[in-house]
Amino acid sequence: MTEKRVLAIIGFLLALIGGILILAGAANIARNANVDLEFLARKAVEVILGIAAILGGLFIYKGRMSTGGLLTIVIGVVALFLISFGLAEVLIIIGGILGIVGAEARAT
């Protein structure tokens, strides 16, 4: 297994775990007693960002590493500012960085 493939797998797994963590946070509706339109819109944005992070990681894994890495970094930064500064967002950004680094790695 080449180093390019290892970086792709690790980048995909980090983006996948981060996306799942964001989706799990969006599914936690029960602890908020005040459910209004703004709350539901915020949760919808979290769901969209979680799914987009998983798809960005899939781009990294399928071979479009530079595109997937850049997409995943952008999604991670947007989630960082819109949701919160948490572990999921950092994992997504690190997965994107590994995707870009893996795109530049030599396949020897």
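Structure notes:
Here's the yes/no breakdown for (1) modelled with pLDDT of 90 or more; (2) in contact with a Gly (Cβ under 7 Å, 6 or more places away or on another chain); (3) farther than 15 Å from ILE93 by Cα; (4) β-branched (Val, Ile, Thr):
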site	(1), (2), (3), (4)
ILE22	yes, yes, no, yes
ALA27	no, no, yes, no
ALA30	no, no, yes, no
GLU38	no, no, yes, no
ILE48	yes, no, yes, yes
ALA53	yes, yes, no, no
ILE60	no, yes, no, yes
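Residue by residue, here is whether (1) in a helix (DSSP H, G or I); (2) surrounded by fewer than 16 Cβ atoms within 10 Å (Cβ to Cβ); (3) of a type in the set (Asp, Glu); (4) within 9 Å of the chain's Cα centre (by Cα) holds:
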residue	(1), (2), (3), (4)
LEU40	yes, yes, no, no
GLU46	yes, no, yes, no
GLY69	yes, no, no, no
PHE81	yes, yes, no, no
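- Annotation note: Cβ proximity below 6 Å between a residue of region 12-24 that is within 14 Å of ALA44 (Cα to Cα) and surrounded by fewer than 24 Cβ atoms within 10 Å (Cβ to Cβ) and a residue that is of a type in the set (Gly, Ala, Ser) and modelled with pLDDT under 95 (sequence gap 6+ or interchain) occurs for LEU23/GLY50.
The values are calculated or read from the model by the stated rules, or taken from the named source; none is laboratory data. The structure presented is a predicted model; accordingly, all values stated were derived computationally and were not measured. Because the Cβ atoms are built from the backbone with ideal geometry, glycine has one as well, and the counts that use them run over all protein chains shown.
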